[in-house]
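None of the figures in this text is laboratory data; all of them are computed from the coordinates on show. Source: prediction; values computed, not measured. Note that we place each Cβ from the backbone using ideal geometry, even for glycine, and neighbour counts take in every protein chain shown.
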Amino acid sequence: MLFRSDWIKPKSLKPGDIIAIAAPAGVAEETPIRAFAALMEKQGYKVRVPEGMLGRRDRHLGGTDSQRADEMNALIRDPAVRAIFPARGGYGLTRIIDRIDYTALKADPKIITGYSDLTALHLAVARKARVVTFHSPLPMHSLHKGETEPHAFAYRSFKSMILAPLESQGAQVVGVPEEGPIPSKLVGGKARGRLQIGRAHV
């Protein structure tokens with residue numbers, strides 16, 4: 001990933017920093033979230049799980065639109081929170097995308113991760129705040145399993161990317177799994193540019 005100078009890079013996480021879990025889309029289930037929190041705490045981070053978030057439900061969503069938007073904004077506006085890891089994707093983020101406080105996020109950039117429905121948040125943050133975010137696995141879907149197979153490569157890559165010294169590094173290197181299909185190039189050469197994520201349904 002190559003960063004242009006006008007993009008804002010959040011500070012890297014360091015031991016003792018607060019990672020907050022949020023549920024801006026689907027329902028956050030307690031068992032995997034607690035397991036993921038334990039993994040992060042073993043590495044020296046503090047994990048905040050908002051009161052009432054686990055198991056909160058409004059039909060298939062992780063709470064009402066107001067609950068989910070208010071939760072995200074409270075975490076964005078909290079200066080103690082240095083990263084926000086949405087618990088899961090699914091559906092619901094697009095219902096609150098216009099309620100997110102992008103001005104506060106730009107003033108105090110935090111690491112934001114996720115994929116699936118969280119893609120909408122990445123794109124909105126890019127457009128409205130120009131803060132670098134991370135298209136990544138989710139705590140509830142695989143990260144809570146740590147380095148157990150077949151999730152080990154994704155977990156190690158997640159840790160490497162999120163904990164990299166973002167302030168001083170202009171590029172990030174993504175490794176290749178030791179097992180599985182070997183990537184092949186369609187066209188040789190080198191390219192420079194900004195990597196922008198998207199989402200495809202198959």
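Provide the percentage of antiparallel DSSP beta bridges, counting only those with both residues in region 1-131; round to the nearest 5. Kindly include the intermediate steps, with their values, before the conclusion.
Numbers: 2 of 13 bridges.
Within region 1-131, antiparallel bridges account for around 15 percent of the total.
Kirkwood Rh over Cα pairs of region 1-106 into Stokes-Einstein at 25 °C, 0.890 mPa s: D in µm²/s? Intermediate values should be presented prior to the final figure.
On the way: Rh = 14.6 Å.
Here the translational diffusion coefficient equals 168 µm²/s.
Counting pairs of alpha carbon atoms under 8 Å apart in space and at least six apart in sequence, what relative contact order in percent does region 42-131 give? Don't skip to the answer; put the middle values down first.
On the way: 83 pairs, mean separation 24.1, N = 90.
Reported as a whole number, the value is 27 percent.
Which length gain, in nm to one decimal place, applies between ILE182 and ARG99 when the Cα-Cα distance is subtracted from 0.36 nm times their residue separation? Show your work: numbers first, answer last.
On the way: separation 83, 0.36 × 83 = 29.88 nm, distance 4.22 nm.
Contour length minus Cα-Cα distance gives 25.7 nm.
Mind checking which lysines have their C-alpha under 25 Å from LYS14, skipping anything on the same chain fewer than 8 residues away?
Reachable lysines: LYS42, LYS46, LYS106, LYS110, LYS145, LYS159.
Cα to Cα, under 20 Å, and not fewer than 8 places away if on the same chain: which aspartates and glutamates meet these conditions relative to LYS128?
Straight-line reach from LYS128, under 20 Å: ASP6, ASP70, GLU71, ASP78, ASP98, ASP101, ASP108, ASP117.
Given R₀ = 22 Å, FRET efficiency for LYS14-SER160 by Cβ-Cβ distance, to 0.05?
Details: r = 15 Å, r/R0 = 0.69.
E(calc), rounded to 0.05, equals 0.90.
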